[in-house]
Amino acid sequence: MTLLIKKHTKPGIKEIFESGTFLVSGEIGPPKGTDIDEMIEHIDLLKDKVHAMNITDNQSSVMRYPSLGTALIIKEHGGEPNLQVTCRDRNRMAIEADLLFAYTRGIRSVLCLTGDSIPVGDHKEAKAVFDLESVQLLQLISGMEAGKDTGGNELGGGVEFYKGAIVTPEAHPIEPQMIKFEKKIEAGAQWFQTQAVYDMENFKRFMEAARKINDKVKICAGLVLLTSMGAIRYMNANVPGVFVPDNLVEEMKEAPKGEALNTGIRILARQIRQCIDEKLCDGVHIMAIGKEGAVPKILEEAGVDITKM
Amino acid sequence: MIITTSKPFEEVLQELEGEDKVFIVGCGLCSTTCETGGEDQVAEMKAKLEAEGKTVTGTTVYDEVCHELNTKRKFRENKEAVGAADSFLVMTCGAGIQSVREATEQAVHPANNTVFLGNILRQGQFTEKCSLCGDCVLEDFGAICPVTRCHKGILNGPCGGTDEGKCETDKEKDCGWTLIYNQLDKMGKLDRFRKIYGLKNWQASMKPGKVIFEKKGEGGE
């Protein structure tokens, strides 16, 4: 089989974990439109500061430049992409076809999500697909790795991905989430990124429960950069699964004028440090949401340099 | 029951533009309950159309407009008024409207939007609990349907957007998966929740649906 994979210049997420390294990943949010210069600047800025970059897939149900295309751009620029795949906009056939393409272009890591609902986004009259959901998507990939598509047909050359999934430690109630976490592992998930965590005590309790369910699967804390009070109000009201707690809201409120972003950077750096120092988890996933330029500063404040890990 | 809502009267008038002789059809079942096509609403529509200068050649309200043979019979019974009309305004669900389509060569217009197969909560309040997927999964989920009552219709547990038992699309709407979890927990059947559900067979609800039962006495052994 001829694979069109470019020679890998960086270790994949799987190799990072296998070497016992604490994973530091970032995120690229593609733009709405074809002006991709700023996104490419972010890719160039992050590619050597983080081990891998997630590319969001029409995040928050807002139509954007595609995740798969962005993953290829990241590779072209020497970064390591973590391809997010949601089930909201594509049925099983479209997803399978995309995965075949992704594999032949050297994408090694896929993050499997159900996807936000259509009404939270900017195409409110669109038809939602949800032919499948995150657990079934993991099964679909596991099946393709075994050489078959979901129609039961043999593939002329299969795929192999490091399969990631999402878990929400701040979900209320938490019990159904934990069962779903277990089901995702059963369906083939090898590692997890969490939805945004803010309450570190709650995250510790979550990690204890998660380790009891499975102590082999890798788990990275999802950390979101707080940029302003307006952003917090927006996230609390509009971003599914995100709840910024009062103590952090207070800390942001007390920030002097013009210092909100720096306060957010300080909070995130502190959270990263805590994850590492207290060995809470296997890595962190930094979601700077439009402020990717702040990531080097966050890592510097946290004293994290991936070239020395 | 099939839940319908009335189209705005302005939209109905647009539909009838250039057609002056109108026959109105209502239904004695679902659209009577929904108050979108019962005797009262048909009489009200007649008065409003007449006030707009239309001639209403006749009206009829009967049970099961969706019954195509029944509709053809009703039209024969109203031969004169039906024959005088150049247009039919149908105040029923989409099935009834298309049943009228089969009974006449003239123009047929919908007066309602057909929204879902609904449960009646109380007068004037309806909710959707079944979406006719053709492959019923209620046995596995404590008789609460994830295909319909979860906004995403997913089969393996709640999505990350659920919060305090409410849906990410609307804080007033229950998260179907929280309802299912609580029900299965109460029944001591959480093992059903732990089981991974494979892909759903959407072929079971492929459009257009068609069912033909064998007649009694035929095909049996």
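Only one entry of B:Glu172, B:Glu214, B:Glu164, B:Glu168 meets the criterion of being open to solvent by 70 Å² or more (accessible area, probe 1.4 Å) and in contact with a helix residue (DSSP H, G or I) (Cβ under 9 Å, 6 or more places away or on another chain), and that entry is B:Glu164. Count of region B:193-209 residues, restricted to those that are outside any loop (DSSP other than H, G, I, E, B) and within 11 Å of chain A (Cβ to nearest Cβ), is 3.
A quick yes/no check of all residues on (1) touching a residue at least 40 places away in the same chain (Cβ under 8 Å); (2) part of a strand (DSSP E or B); (3) away from every other protein chain (no Cβ under 14 Å):
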{"residue": "A:His172", "(1), (2), (3)": "no, no, no"}
{"residue": "A:Lys184", "(1), (2), (3)": "yes, no, no"}
{"residue": "A:Asp215", "(1), (2), (3)": "no, no, yes"}
{"residue": "A:Ile232", "(1), (2), (3)": "no, no, yes"}
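This table checks each residue for (1) part of a loop (DSSP other than H, G, I, E, B); (2) more than 10 Å from every other protein chain (Cβ to nearest Cβ).
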{"position": "B:Thr148", "(1), (2)": "no, yes"}
{"position": "B:Lys152", "(1), (2)": "yes, no"}
{"position": "B:Gly157", "(1), (2)": "yes, no"}
{"position": "B:Gly160", "(1), (2)": "yes, no"}
{"position": "B:Lys173", "(1), (2)": "no, yes"}
{"position": "B:Trp177", "(1), (2)": "no, no"}
{"position": "B:Ile180", "(1), (2)": "no, no"}
{"position": "B:Gln183", "(1), (2)": "no, yes"}
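A:Phe243 meets each of the listed conditions (1) open to solvent by less than 40 Å² (accessible area, probe 1.4 Å); (2) within 14 Å of chain B (Cβ to nearest Cβ) apart from (1).
Would region A:95-113 turn up any residue that is open to solvent by 20 Å² or more (accessible area, probe 1.4 Å), touching a residue at least 12 places away in the same chain (Cβ under 8 Å), touching a helix residue (DSSP H, G or I) at 6+ places or on another chain (Cβ under 6 Å) and within 11 Å of another protein chain (Cβ to nearest Cβ)? Within region A:95-113 (the criterion being open to solvent by 20 Å² or more (accessible area, probe 1.4 Å), touching a residue at least 12 places away in the same chain (Cβ under 8 Å), touching a helix residue (DSSP H, G or I) at 6+ places or on another chain (Cβ under 6 Å) and within 11 Å of another protein chain (Cβ to nearest Cβ)), the answer is yes, since at least one residue qualifies. Test B:Thr32 against the stated conditions and say whether it is touching a residue at least 24 places away in the same chain (Cβ under 8 Å), assigned to a helix (DSSP H, G or I) and more than 13 Å from B:Ala111 (Cα to Cα). When the stated conditions are applied, B:Thr32 passes them. Condition (residue is facing chain B (nearest Cβ under 9 Å), crowded, with 16+ Cβ neighbours inside 10 Å, out of contact with any Lys or Arg (no Cβ under 9 Å at 6 or more places or on another chain) and in contact (Cβ under 8 Å) with a residue 40 or more places away in the chain) applied to region A:120-133: is it met by at least one residue? The answer is yes; a qualifying residue exists. The one condition from (1) under 22 Å from the mean Cα position of the chain (by Cα); (2) over 16 Å from B:Val108 (Cβ atoms) that B:Glu77 does not meet is (1). Of everything in region B:184-205, what is within 30 Å of the chain's Cα centre (by Cα) and either without any contact (Cβ under 8 Å) to a residue 12 or more places away in the chain or farther than 19 Å from A:Lys183 by Cα (or both)? Give them in sequence order. Selection gives B:Gly198, B:Leu199, B:Asn201, B:Trp202, B:Gln203, B:Ala204, B:Ser205. Quickly run through region A:37-66 and pick out the residues that are over 27 Å from A:Asp282 (Cβ atoms) and crowded, with 16+ Cβ neighbours inside 10 Å. Result: A:Met39, A:Asn58, A:Ser61, A:Arg64, A:Tyr65.
Among the residues making up region B:87-117, those that are in a helix (DSSP H, G or I), open to solvent by 10 Å² or more (accessible area, probe 1.4 Å) and of a type outside the set (Asp, Glu) are B:Gly94, B:Ala95, B:Ile97, B:Gln98, B:Arg101, B:Ala103. Every condition in (1) within 20 Å of B:Leu13 (Cβ to Cβ); (2) charged (D, E, K, R); (3) open to solvent by 40 Å² or more (accessible area, probe 1.4 Å); (4) in contact with a strand residue (DSSP E or B) (Cβ under 7 Å, 6 or more places away or on another chain) is met by B:Lys54 except one, and the failing one is (3).
Is region A:142-165 home to any residue that is open to solvent by less than 20 Å² (accessible area, probe 1.4 Å), within 8 Å of chain B (Cβ to nearest Cβ) and either in a loop (DSSP other than H, G, I, E, B) or free of Cβ contacts under 8 Å to residues at least 60 places away in the same chain (or both)? Scanning region A:142-165 turns up no residue that is open to solvent by less than 20 Å² (accessible area, probe 1.4 Å), within 8 Å of chain B (Cβ to nearest Cβ) and either in a loop (DSSP other than H, G, I, E, B) or free of Cβ contacts under 8 Å to residues at least 60 places away in the same chain (or both).
B:Cys133 meets each of the listed conditions (1) farther than 22 Å from B:Met1 by Cβ; (2) open to solvent by less than 30 Å² (accessible area, probe 1.4 Å) apart from (1). Per the listing A:Thr227, A:Thr263, the residue uniquely at pLDDT 95 or above, open to solvent by less than 60 Å² (accessible area, probe 1.4 Å) and within 22 Å of A:Gly290 (Cβ to Cβ) is A:Thr263. Evaluate the following for A:Gly69: is it without any contact (Cβ under 8 Å) to a residue 60 or more places away in the chain, surrounded by fewer than 18 Cβ atoms within 10 Å (Cβ to Cβ) and either in contact with a Cys (Cβ under 9 Å, 6 or more places away or on another chain) or within 30 Å of A:Glu278 (Cα to Cα) (or both)? No: the conditions fail for A:Gly69.
The values are calculated or read from the model by the stated rules, or taken from the named source; none is laboratory data. Note that the structure is predicted; figures quoted are calculated from it, not measured. Positions of Cβ are backbone-derived with ideal geometry, glycine not excepted, and every protein chain shown enters the neighbour counts. Surface accessibility is based on the protein's heavy atoms, side chains included, excluding ligands, DNA and RNA. Shrake-Rupley method; radii C 1.70, N 1.55, O 1.52, S 1.80 Å.
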